[in-house]
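To keep things clear, I will list the structure first and then write my remarks on it.
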Amino acid sequence: MIAASACVKLSGLPFNGTLGAVKVGYDGNDYILNPSNSVLKESLLDLTVAGTKNAVMMVESEAKELTEDVMLGAVNFGHEKMQVIITAIEELVADANVSQIDWTPPVSDNKAYEEFFDKYKERITDAYSITKKQERNTKLSNIKTEIIESDSNEDEDIEDKISCMFEKAQKNIVRKRIIEVREE
């Protein structure tokens, strides 16, 4: 995670914030920064925390019944200690004199997407009822190809636009299905 954060920052890609990450153990009295595997075997806590200079972004842990205060203390300890990593990455990027890539996200056409979604949501949803992954992916690919072929016009970027809207529709349909399953 640390190497990936450094690579993204060194690439010049537009990315807000620098990420750091640490592991935290706990021996019953003290927090342990980046404990070895042998220390983790005896530890009451195996926590990974990642974040930026100002915020914790991700926490994963395995613990033996610890209090909320101990867990919160571990997260705060980890966030404090990862600041050294974040500073080191920022210094590395400054020393490398990286020039940032100028990028502006494409403007989203919500009306076009809503029309696309209304027109094709049933076909895409039906494809997601296929339980065999390979068959489902083939069906989705065929639907996408049919849409591109039927909606082709003078717009040379239509294939890219349809692909983006198709992906967005898939994500929305999958999210909706997950929420519906959880509510049952």
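Here is how the numbers come out for the structure above:
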quantity	calculated
Neighbour-limited loop hits for trypsin sites (Lys or Arg not before Pro), the stretch 97-161 (at most 14 other Cβ within 10 Å; DSSP other than H, G, I, E, B)	K132
Local electrostatic count at K139 - Lys and Arg +1, Asp and Glu -1, tallied over other residues with Cβ under 12 Å	+2
In the stretch 85-183, GluC sites (Glu not before Pro) in a DSSP loop with at most 13 other beta-carbon atoms within 10 Å	E154, E156
The stretch 27-32 - phi-based ³J(HN,Hα) in whole Hz, Karplus 6.51/-1.76/1.60, Gly and Pro as x	9, x, 10, 10, 7, 10
Globularity index of the stretch 2-96, i.e. its alpha-carbon radius of gyration over 2.2 N^0.38 Å	1.17
J(HN,Hα) series, the stretch 51-65, from Karplus relation 6.51 cos²θ - 1.76 cosθ + 1.60, nearest Hz, glycine and proline x	x, 10, 4, 10, 8, 8, 9, 8, 9, 10, 8, 9, 9, 9, 3
Distance between the stretch 93-172 and the stretch 1-79 - C-alpha centres, whole angstrom	35
Kirkwood Rh in Å, taken over all unlike Cα pairs in the stretch 110-183	13.0
Debye log10 I(q)/I(0) for the chain, one point scatterer per Cα, at q = 0.11, 0.13, 0.15, 0.17 Å⁻¹	-0.81, -0.92, -0.96, -0.99
The chain: DSSP helices with Cα axial extent of at least 18 Å and average Kyte-Doolittle hydropathy no lower than 0.0	83-96
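Each value in this text was obtained by applying a stated rule to the coordinates, not by laboratory testing. All figures in this text were calculated on a predicted structure; none of them were measured in a lab. All Cβ positions, even for glycine, are placed from backbone atoms using ideal geometry, and neighbour counts span all protein chains on display.
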